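Notes follow once the structure below has been shown.
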Amino acid sequence: MYSICSKKSLAPGINEIKINAPEIAQKAKTGQFVIVIVDEKGERIPLTLADWNPVKNTIKLIFQEVGHSTNTLAELKVGDSIQAVLGPLGKPTEIKNVGTIVCIGGGVGIAEVYPVSRAFKNEGNEVIGIIGARSKNLIFLEKEMKDTCDQFYVTTDDGTYGQKGLVTEVLNKLFQANKHIDLVYAIGPVPMMAAVSEATRPLKIKTVVNLNPIMVDATGMCGACRVTVGGKTYFGCVDGPEFDGHLVDFKELKSRLNLFKEQEECLNKRCPSKRAKNE
Ligand SMILES: Cc1cc2nc3c(=O)[nH]c(=O)nc-3n(C[C@H](O)[C@H](O)[C@H](O)COP(=O)(O)OP(=O)(O)OC[C@H]3O[C@@H](n4cnc5c(N)ncnc54)[C@H](O)[C@@H]3O)c2cc1C
Ligand code: FES
């Protein structure tokens, strides 16, 4: 069992928890994830390592309440235990000095882009950060990103904070200003990662996207996380989760994410979270 040693709300429906997990904290690398099984009847859900502390033996997860497992996880309090946390899994981000990197995080992807931005910065790169969300109240880790990045931008879809519009609009402005960019890294909703990849394609700027296919075993055995990249089949859990954005079949990824919609809705109705019951 893995005990929760701290918990806080970062934004409506977005929580940060720290868990005692010595083996994972010792081995974690940027870009890796864990599989969480919340309770004895729980399914396996992948969550990115938002941070880790090998001295205190803790890992940090930031997750959005979107369905049964994440709602159940959100109900746990400090001192409660999680049934299982497995990892670190997936290939780490290739962190090296490439020059100027634009790191883009959308929605809960903001949690995941922060450790990547920090690692690229520590490697001596110029890092331009862009984070975006639907509205001001869904922006988090702003100070951390601002302190890490050489240039930093916030966008909101409704214009309640930062620049009104999408993260790709800021990216396009950088292109229009002839800013030299060596690499773009994007993590967030599938349409956002697809749009970023389309924006960089004509300029031939290498673009790494961090994919979120449905995962089950996360060890390369079941095939649930299959993605098509450059016409070939890869497993997101062991070959990824990062891939070349110019080669990813985003249309297929989007449709595969909806494979279990009916079952997910059915489960949410049958076992509503405490929060849903009170609504
Ligand atoms: C490598 C990886 C890292 C991730 N990191 C984070 C993170 O740091 N924070 C975060 O909030 N979310 C993260 N996700 C997404 C997270 O795993 C899903 O939101 C979660 O599994 C939803 O489960 P649920 O039961 O709460 O919701 P459900 O009602 O079961 O599903 C809601 C939606 O989440 C997606 N989903 C469902 N089950 C899975 C699954 N087993 N694997 C992947 N996606 C699924 C589907 O699109 C589904 O429609 C990550 C996904 C991957 C693949
Ligand atoms: S989740 Fe089963 S092969 Fe990747």
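Computed from the coordinates by the stated procedures, all read-outs in this text should not be read as laboratory data. The structure displayed is predicted, hence computed values, not measured ones. Cβ placement follows ideal geometry from the backbone for every residue including glycine, while neighbour counts extend to all protein chains displayed.
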Listed residue (215, 45, 129) projecting farthest to the positive dipole end of the chain, Cβ model:
129
Remind me, what semi-axes does the stretch 31-140 give for its equivalent ellipsoid, largest first in whole Å, using sqrt of 5 times each Cα gyration tensor eigenvalue?
28, 18, 12
Rounded to the nearest 20 debye, dipole of the stretch 100-257 from Cβ charges on Lys, Arg, Asp, Glu:
300
Setting aside same-chain residues fewer than 8 positions from residue 91, which lysines have a Cα under 23 Å from its Cα?
18, 27, 29, 60, 121, 206, 232, 254
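Divide the volume of the convex hull of the Cα atoms of the chain by its number of residues and quote the answer in cubic angstrom per residue. Working shown, then result.
Details: hull volume 36.1 nm³, N = 279.
So the per-residue Cα hull volume is 130 Å³.
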Taking the Cα centre of the stretch 207-253 as the origin, how large is its charge dipole in debye, to the nearest 20, when only Lys and Arg (+1) and Asp and Glu (-1) carry charge on their Cβ atoms?
100
Mean residue ellipticity (222 nm) of the chain, computed from DSSP H runs ≥ 4 via -39,500 (n - 2.57), nearest 500
-8000 deg cm²/dmol
Take the Cα gyration tensor of the stretch 100-257, multiply each eigenvalue by 5, square-root it, and list the three semi-axes largest first, rounded to whole angstrom.
26, 17, 15
What length, rounded to one decimal in nm, is gained on full extension from residue 1 through to residue 66, with 0.36 nm per residue of separation minus their alpha-carbon distance?
21.0 nm
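So, with +1 on the Cβ of K and R and -1 on the Cβ of D and E, and no other charges, what is the size of the charge dipole of the chain about its Cα centre, to the nearest 20 debye?
On the way: 35 positive and 32 negative charges, 36 e Å.
Roughly 180 debye, rounded to the nearest 20.
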